[in-house]
Amino acid sequence: MTTLSGGCQCGAVRFRIHGKPGESSACYCRMCQKASASHALILVSVRGNEVEWTRGEPAWFQSSNAARRGFCPACGTPLAYDAPDGLSLSVVTLDDPETCPPTIAYGVEGKLSFCDSIPSLPERNTMEDADAAGFLATLESFQHPDHDTDRWPLENGHD
């Protein structure tokens, strides 16, 4: 049996998916843009699978008469989309988001004009940014790691 885990940025909400997830999609509709504060929201269907909230639970916002959206009540990370056709989770909240690449795009009528040009933008490694490299070299992240922990926040930087 496949088991995937994930959670929010601060670690207050963690989950496990027991079973193989369904279709993964990118949605460009305006509701998903606003819910994710991004140009698209990538979701994976978990209908037919057990979702176990292993630490905390999401808070819910009724975003329409047909759907609600789950998010971390502590840090605001968008976690879930629950509609009549079943529950979906945000792919980027998985500990390994590469396991569920999107295979279809929805809501393309809401796609922003610059979306298709993003892959052609010049690229550089974060540490190549001279203005940021100084403070990034001493940055201490308080973000939850991409794996389950027995407790959070960590004490003395250790699980």
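The values are calculated or read from the model by the stated rules, or taken from the named source; none is laboratory data. Bear in mind the structure is a predicted one, so any value in this text is a computation, not a measurement. All Cβ positions, glycine included, derive from the backbone under ideal geometry; neighbour counts span all protein chains shown.
Are any residues in the stretch 5-15 among the polar types (S, T, N, Q) and either outside any loop (DSSP other than H, G, I, E, B) or in contact with a strand residue (DSSP E or B) (Cβ under 8 Å, 6 or more places away or on another chain) (or both), and if so, which ones?
S5 - this is the single residue of the stretch 5-15 that is among the polar types (S, T, N, Q) and either outside any loop (DSSP other than H, G, I, E, B) or in contact with a strand residue (DSSP E or B) (Cβ under 8 Å, 6 or more places away or on another chain) (or both).
Run down I104, I118 and say which single residue is within 19 Å of K20 (Cβ to Cβ) and either at pLDDT 95 or above or not aromatic (F, W, Y) (or both).
I104
Any residue that is over 26 Å from D150 (Cβ atoms), over 13 Å from the mean Cα position of the chain (by Cα) and at pLDDT 95 or above - is there at least one of those in the stretch 50-58? Before the answer, list the steps.
Within the stretch 50-58, the subset over 26 Å from D150 (Cβ atoms) is none.
There is no residue in the stretch 50-58 that is over 26 Å from D150 (Cβ atoms), over 13 Å from the mean Cα position of the chain (by Cα) and at pLDDT 95 or above.
Starting from residues that are touching a helix residue (DSSP H, G or I) at 6+ places or on another chain (Cβ under 7 Å) and more than 17 Å from I42 (Cα to Cα), keep the ones in the stretch 89-131 and report whichever is surrounded by the most Cβ atoms within 10 Å (Cβ to Cβ).
Filtering the stretch 89-131 for residues that are touching a helix residue (DSSP H, G or I) at 6+ places or on another chain (Cβ under 7 Å) and more than 17 Å from I42 (Cα to Cα), the one surrounded by the most Cβ atoms within 10 Å (Cβ to Cβ) comes out as M127.
Can you tell me which of (1) within 15 Å of the chain's Cα centre (by Cα); (2) farther than 20 Å from G6 by Cα; (3) assigned to a loop (DSSP other than H, G, I, E, B) is the one N65 doesn't meet?
(1)
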